[in-house]
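The values are calculated or read from the model by the stated rules, or taken from the named source; none is laboratory data. None of these values were measured; they are calculated from a predicted model. Don't worry about glycine lacking a Cβ; one is built from the backbone with ideal geometry, like all the others, and counts go over all protein chains shown. Surface accessibility is based on the protein's heavy atoms, side chains included, excluding ligands, DNA and RNA. Shrake-Rupley method; radii C 1.70, N 1.55, O 1.52, S 1.80 Å.
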Amino acid sequence: MLSLQDAKIAIIGLGYVGLPLAVEFGKLHSTTGFDINAKRINALRAGNDLTLEVSADEMRQATQLQYTNTLSDLATCNIYIVTVPTPVDDDKNPDLTPLIKASETVGSVISSGDIVIYESTVYPGATEEVCVPIIEKTSGLTFNQDFFVGYSSERINPGDKKHRLPNIKKVTSGSTPEIAKIIDDLYQTIITAGTHMAPSIKVAEAAKVIENTQRDVNIALINELAMIFDKLGIDTTDVLEAAGTKWNFLPFRPGLVGGHCIGVDPYYLTHKAQSVGYDPQIVLAGRRINDSMGAYVANRLIKAMVARDIPIKGSRILVMGLTFKENCPDLRNTRVIDVINELKDFGAMVDVHDPWVNSADAQTEYGFDLTEPKTAAYDAIILAVAHDQFKTLGASTVKGFGKPEHILFDLKSIFPSEVADLRL
């Protein structure tokens, strides 16, 4: 049985999840970080993390970590940790392509006695029903005889400098009790917050997928309440602050729900539920509400402009913020794009400004360039993301981007209520 002293770890996928994991393991264990993106590997070798999750100093501390995009460099490893993305397709069905390709990659280099651990978010059963057969077919090895697997869900929160990998409790699991213990012991070497060993891989998978499903449903409730309060002429933030004085009121806020987790994970759960004959009501209702928020925001702004006799067609609108959340460069599944597209459909000209995003990335991902805001140029301004830079600018500077007659829509309630014309 493999001992931790002999562990040689391979991290498959060096994005927001994989790189922090590789760096932490690389401080203590022989670790190889693998990614198919040669540009990413070259940047990491130079000590540059474009995701801004790991500093150059932290990377230097990982003295036992090497980066590669060469498959043969993985052949000497004996623990493989898969951290590739698990998105959904255009029909909101799980897209397991990255997971399947990663499993094929592992299967091509794995040896007898090795362990494969999955951290990617999946539906309950995916590890053993989808990934294991691929490894068996590619490697010719037998599951739980020649190789073993585990699941330990990622809990990385992009841009969060307080909740980092070591101080977030880790759920672990393994395909046999002995392997579960080895995997748990392995993660305990880097997780100072401790671990929780789940009784099975399916339990660990299910725990991960409901973490974000729970948040999604709660935010959907607040989004629906915001729509109701708008019709009643009540400020939602004022209501939530009043209700929040009760000790057990949950502090959720309305907004656009995107990103690689909350806006995606519920579809993995509903897909699996439907495959076993159960039609999930609350989860899908929450998804419908949250997926509709971009159009709701745009339409509410348009109505406000019409009420103020501001022409819509040919109007200039500034959207401040493009990332899916504040203070990070992550563009994955940002729902700000829904607002932008809806406004363009109305005939408005939209400028987008985000100090956290490289303009080339915006062009590659969404087909437009970012811009610097212009003074007294806009018929409407949407504060879509609560970046610290926008707070620092202050209300007077932000409003200065607008024409003498303009609408300021503060989605995130960055400024006091009397500053903005509209808030969620």
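Some values worked out for this structure:
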quantity: Yes/no for F409 being open to solvent by less than 30 Å² (accessible area, probe 1.4 Å), farther than 22 Å from Y296 by Cα and of a type in the set (F, W, Y); calculated: no
quantity: Failed condition for F368, given (1) part of a helix (DSSP H, G or I); (2) modelled with pLDDT under 95; calculated: (1)
quantity: Among the candidates V257, V239, residue that is on the phi < 0 side of the Ramachandran plot, β-branched (V, I, T) and under 27 Å from the mean Cα position of the chain (by Cα); calculated: V257
quantity: Residue list for region 90-116, restricted to those being out of contact with any helix residue (DSSP H, G or I) (no Cβ under 9 Å at 6 or more places or on another chain) and either open to solvent by less than 60 Å² (accessible area, probe 1.4 Å) or of a type in the set (F, W, Y) (or both); calculated: D95, P98, G113
quantity: Flag for L343 being assigned to a helix (DSSP H, G or I), open to solvent by less than 10 Å² (accessible area, probe 1.4 Å), among the aliphatic types (A, V, I, L, M) and out of contact with any Leu (no Cβ under 6 Å at 6 or more places or on another chain); calculated: yes
quantity: Selected residue (criterion: nearest to I337 (Cα to Cα)) from residues of region 357-374 that are among the polar types (S, T, N, Q) and under 19 Å from the mean Cα position of the chain (by Cα); calculated: T364
quantity: Residue within region 39-61 that is at positive phi, open to solvent by 10 Å² or more (accessible area, probe 1.4 Å), part of a loop (DSSP other than H, G, I, E, B) and not hydroxyl-bearing (S, T, Y) present; calculated: yes
quantity: Region 287-300, residues that are open to solvent by 30 Å² or more (accessible area, probe 1.4 Å) and touching a strand residue (DSSP E or B) at 6+ places or on another chain (Cβ under 8 Å); calculated: R300
quantity: Elements of type helices (runs of 4 or more DSSP H) contained in region 192-286, each with 2 or more residues being more than 27 Å from E154 (Cα to Cα) and open to solvent by 30 Å² or more (accessible area, probe 1.4 Å); calculated: 201-232, 236-243
quantity: Single residue of region 360-382 satisfying the filter (among the charged types (D, E, K, R) and more than 18 Å from G394 (Cα to Cα)) that is surrounded by the most Cβ atoms within 10 Å (Cβ to Cβ); calculated: D379
quantity: Filter result (over 29 Å from K162 (Cβ atoms) and either in a helix (DSSP H, G or I) or open to solvent by less than 70 Å² (accessible area, probe 1.4 Å) (or both)) within region 62-78; calculated: T68, N69, T70, L71, S72, D73, L74, A75, C77, N78
quantity: Answer residue from region 134-159, given it is within 28 Å of the chain's Cα centre (by Cα) and part of a helix (DSSP H, G or I) and is nearest to I191 (Cα to Cα) among those; calculated: I135
quantity: Failed item, numbered, when V84 is tested on (1) farther than 24 Å from P329 by Cα; (2) surrounded by 22 or more Cβ atoms within 10 Å (Cβ to Cβ); (3) out of contact with any Phe, Trp or Tyr (no Cβ under 8 Å at 6 or more places or on another chain); (4) of a type in the set (A, V, I, L, M, F, W, C); calculated: (1)
quantity: Any hit, region 139-147, residues being open to solvent by 30 Å² or more (accessible area, probe 1.4 Å) and under 21 Å from A204 (Cα atoms); calculated: yes
quantity: Total residues in region 161-191, condition under 22 Å from the mean Cα position of the chain (by Cα) and surrounded by fewer than 14 Cβ atoms within 10 Å (Cβ to Cβ); calculated: 6
